[in-house]
Amino acid sequence: GTADARTTGTRFVPGEGPNVPMGTPQGIHPGRVVWMHDAAAATWDGSSGTWWQDENTNPHIVATMLSDGLQNLTGAATDTDAWSALFRYHNRTHDRGLRGYVSGERIAVKLNLNQSGSSSTKGNESFTAPQLVVALVRQLVEEAGVADSMITLYDATRYVPAAILNPVHAIAPGVKA
């Protein structure tokens, strides 16, 4: 077998050195990476209730983190401007002209639901936080001007659990899954 840091006790040192990006920068601001963190967003103690309940994952903090991330990613001063910039960038780079979102276009959001085995989640399976999905849907409807009936949430081989779908439908009943 091949010896590596796990078996030799040595520390891995990347050959390209620190802070040397790999590949070709992509995105609205090529190479920009936005990372948001707030330790108060998730306070689940590991035993009471489930991690995905609002009392354990704070929806207001999560929504603020999403907003801050969108604005930092795009350089926009408002969420509406951030969505406009993202849609304009996407359309420009996909030969759709210099335009933003157009009413009637469908938006598909691929969620990470790898551990979602059914639509009824009772335990602490790991999946996309419902609070993040609610914040994203609210942003798309209120800030980007997307009708809720034009939004589809999916993971190609998994169910969208009720823990996500119920709170989404409470604010945007037309969302499909």
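The values are calculated or read from the model by the stated rules, or taken from the named source; none is laboratory data. Note that the structure is predicted; figures quoted are calculated from it, not measured. Every residue, glycine among them, receives a Cβ derived from its backbone with ideal geometry; neighbour counts consider all protein chains shown. To get the accessible areas, we keep the full protein, side chains included, count just its heavy atoms, and leave off ligands, DNA and RNA. Shrake-Rupley method; radii C 1.70, N 1.55, O 1.52, S 1.80 Å.
A few comments on the model shown:
- Residue with peak Gaussian network fluctuation, the chain [Cα springs, cutoff 10 Å], from Glu142, Glu16, Glu105: Glu16
- Solvent exposure of region 31-177 as accessible area per residue, Å², 1.4 Å probe: 55
- Mean Kyte hydropathy of 1.0 or more with a Cα span along the axis of at least 15 Å, helices from DSSP in the chain: 130-142
- A simple spin-label model places pseudo-atoms 7 Å from Cα toward Cβ; at Ala156 and His169 they are separated by 2.6 nm.
- Candidates Arg11, Arg106, Arg96: whichever shows maximal mean-square fluctuation once the chain is modelled as a Gaussian network with Cα springs under 10 Å: Arg11
- Element breakdown for the chain at a 1.4 angstrom probe: carbon and sulfur atoms account for 54% of the accessible area.
- Here's the picture: a label point sits 7 Å out from the Cα of Arg96 along the beta-carbon direction, and within region 148-177 the residues with their amide nitrogen under 14 Å of it are 150-152.
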